[in-house]
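K.L.:
Okay, handing you the structure first.
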Amino acid sequence: MSDLQREISRRRTFAIISHPDAGKTTLTEKLLLYGGAIQLAGSVKGKAAARHAVSDWMELEKQRGISITSSVLQFEYNGCCINILDTPGHQDFSEDTYRTLMAADSAVMVIDAAKGIEPQTRKLFKVCAMRHIPIFTFINKLDREARSPYDLMEELEKEFGIGTYPMNWPIGCGVDFKGVYDRRKGEVLSYTQFHAGSRAIHADEISLDDTDALRAALGDRLYDTLRDDVELLDGAGYDFDLDLVRSGDLSPVYFGSALMNFGVEQFLTSFLELTTPPLGRMSEGELVDPADEHFSAFVFKIQANMNKAHRDRIAFMRICSGKFERDAEYYHVQGGKTLRLAQPQQMMAEERQIIDEAYAGDIIGVFDPGIYSIGDTICSKDKPVRFEGIPTFAPEHFAAFERKDTMKRKQFETGIRQIAQEGAIQIFHEPNTGLEEVIVGVVGQLQFDVLEYRLQSEYSTAVRRRGLPYENIRWIVSDTDPSTLQLTRDTKWVQDFKGNDLLLFGGEWNIAYTLKQNPGLELAEFSRN
Ligand code: G4P
């Protein structure tokens, strides 16, 4: 095996997804703790601090108490090099989350054992299912009163239409939580000491056959329940099939408590064994092998203001093949230019570090002087590839923005264009009207507030916002002259910033009506370029 292959095969790149409050931050912290990236999870970062340490770039985020940005963390564990992609939990950021999931090879879904599947879990699962990536389930908070594990598994199977395979099984819950039964080892991990912060959890491993020791550790009632459960589990349910896990059809399920650090290390060890090393990506119908020595990567996220002191923009890219070297020149396919990637960096726990090299599976951030767009390919000059783009979601909310101060035209235009390049908003204008207002479309309403706030704080431009009653958007793909169209009052012709014509509709029925009124008109849900 070459050095390149060795480096790539030890990489694991995954996203953690959950409904807010299920315990994603706590679990991430504990994983970092095992990797030695931080010393004492509990004492280093409280919840609030943890949220902001890596993403402290916007006051709004603090005010709202939600994590808008996603961050990427890298650490080493047991010979593996792990890249965790944190996804924003708030429902308004589904598009950002979607893009982040494009960069992952598998997902860990954290579920609150008392609540089961929640709305955001549902949405995130759908995105993972679209990509058929393996999904590992961590059912959290067993140290509290929880729903029956059978119920929880059944819910996952019914709602998500996937198989589940419990890798371990909880023994009791809440104050009675005694540990977990590791099905593969045939051992009970019985916790004898609570230790939330440190890595040193005191646990006894007791074989299922050691009846006396188990009765002593668990008590008669829990011991009897465990024996029944084990019999039931072994007798029924899915067999473990790694191929089904890898295709996203079977989810290995782990029970534990992130806060109490129960079952976290077992989860990590097993997860790293079962999840895939970096997967290949498609370029114009061909699979690019991660171990191909030619470097290639795609941009999945652009983030402004990572660092408050400098108004910088970072383009995050997922390396798809080969090795990145800091001083090498690469080819930016969409820009048609050869360039050096400036200030390449990775996040190690809460710190950013400049790096000299990185491998397929890794995520690097590079300084973006405003040249990259979401979905762009960067690759070796010798072997150009072009990765499939990341489709944009059709916006669902629209508002007109105009600047309050007529002198601020330049700032307003630059600001709104740059923010649109990051992909959080889409911008349109009404042709031939001479109006200076910009129509902004977003997937989640909160993006309007973010835009308003950022125009003010970064571009010193106060704006007025007027909500617009449109709900659907369609690009005109026929050669129709839009100015000749018969449109109802709640349909509007606009252009995107590339000059493509499109229509905004007040409702679904309007689309059908417009098509009927205008023979020859053809509409599409996505833009052509
Ligand atoms: P999130 O990132 O998914 O939004 O969740 P986060 O980890 O922030 O956890 C949400 C709350 O649930 C936190 O409590 C956290 O301490 C708690 N929690 C996480 N895992 C467990 C667990 O295994 N058991 C129990 N009992 N609680 C857990 P909080 O009160 O909102 O925050 P804090 O004041 O404790 O920091």
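The values are calculated or read from the model by the stated rules, or taken from the named source; none is laboratory data. Just so we're clear, the structure is a prediction, and the values are computed from it rather than from any experiment. Here the Cβ is made from the backbone with ideal geometry for all residues, glycine too, and neighbour counts use every protein chain on show. Note: accessible area is taken over every heavy atom of the protein model, side chains too, but ligands, DNA and RNA are not part of it. Shrake-Rupley method; radii C 1.70, N 1.55, O 1.52, S 1.80 Å.
K.L.:
Could you tell me the ratio Rg/Rh of the stretch 397-524? Both radii from Cα atoms, Rh via Kirkwood.
P.N.:
Across the stretch 397-524, the Cα-based Rg/Rh ratio is 1.00.
K.L.:
Set Lys and Arg Cβ to +1 and Asp and Glu Cβ to -1, take the dipole of the chain about its Cα centre, and tell me which of 253, 142, 359 lies farthest positive.
P.N.:
Ranked along the dipole, the leading option is 359.
K.L.:
Could you work out the relative contact order of the chain, using alpha carbon pairs under 8 angstrom and six or more residues apart, expressed as a whole percent?
P.N.:
13 percent
K.L.:
Ok, one more. Report, in listed order, any pair from 337/381; 126/323; 126/158; 126/492; 141/301; 492/516 with a Cα-Cα distance greater than 21 Å.
P.N.:
Table pairs above 21 Å Cα-Cα are 126/323; 126/492; 141/301.
K.L.:
What does the net charge come to around residue 173 if you take all other residues with beta carbon closer than 14 Å to its beta carbon, with K and R at +1 and D and E at -1?
P.N.:
Surrounding charge for residue 173 is 0.
K.L.:
Ratio of the stretch 281-379's C-alpha Rg to 2.2 N^0.38 Å, to two decimals?
P.N.:
With N residues counted in the stretch 281-379, Rg over 2.2 N^0.38 Å equals 1.03.
K.L.:
Using DSSP to define loop residues, name the chymotrypsin sites (Phe, Trp or Tyr not before Pro) in the stretch 200-270 whose beta-carbon has at most 13 other beta-carbon atoms within 10 Å.
P.N.:
none
K.L.:
Along the charge dipole of the stretch 397-524, which of 500, 443, 512 sits closest to the positive end, that is, farthest toward it, with unit charges on the beta carbon of Lys, Arg, Asp and Glu (+1, +1, -1, -1)?
P.N.:
Of the options given, the answer is 443.
K.L.:
Also, quick follow-up: Compute the signed sum of charges (Lys and Arg +1, Asp and Glu -1) over the other residues within less than 11 Å, Cβ to Cβ, of residue 356.
P.N.:
Summing Lys/Arg as +1 and Asp/Glu as -1 gives -1.
K.L.:
While we're here: Which value results when the Cα radius of gyration for the stretch 129-173 is divided by 2.2 N^0.38 Å?
P.N.:
Against the empirical 2.2 N^0.38 Å value, I get 1.26 for the stretch 129-173.
K.L.:
Got a number for carbon plus sulfur as a percent of the chain's accessible area, 1.4 Å probe?
P.N.:
47 percent
K.L.:
Another question, then. Accessible area per residue for the stretch 281-379 in Å², computed with a 1.4 Å probe and the full protein assembly in place, what is it?
P.N.:
40 Å²
K.L.:
Leaving out ligands and nucleic acids, note down the accessible area per residue over the stretch 397-524 with a 1.4 angstrom probe, in whole Å². Provide the component values of the computation, followed by the final result.
P.N.:
Values: 6270 Å² over 128 residues.
Per residue, the stretch 397-524 has an accessible area of 49 Å².
K.L.:
Another one. What's the local net charge at residue 231, with K and R +1, D and E -1, over the other residues with C-beta under 13 Å away?
P.N.:
Value of the local net charge: -2.
K.L.:
Right, here's the next one. State the dimensionless ratio Rg/Rh of the chain (Rg: radius of gyration of Cα atoms; Rh: Kirkwood radius).
P.N.:
Using only Cα positions, Rg/Rh for the chain is 1.01.
K.L.:
Towards the positive end of the charge dipole of the chain, with charges on Cβ (+1 Lys, Arg; -1 Asp, Glu), say which of 9, 523, 120 has the farthest Cα.
P.N.:
It is 523.
K.L.:
Could you size up the charge dipole of the chain around its Cα centre, putting +1 on the beta carbon of Lys and Arg and -1 on that of Asp and Glu, and report it in debye to the nearest 20?
P.N.:
Charge dipole of the chain: 1880 debye, to the nearest 20.
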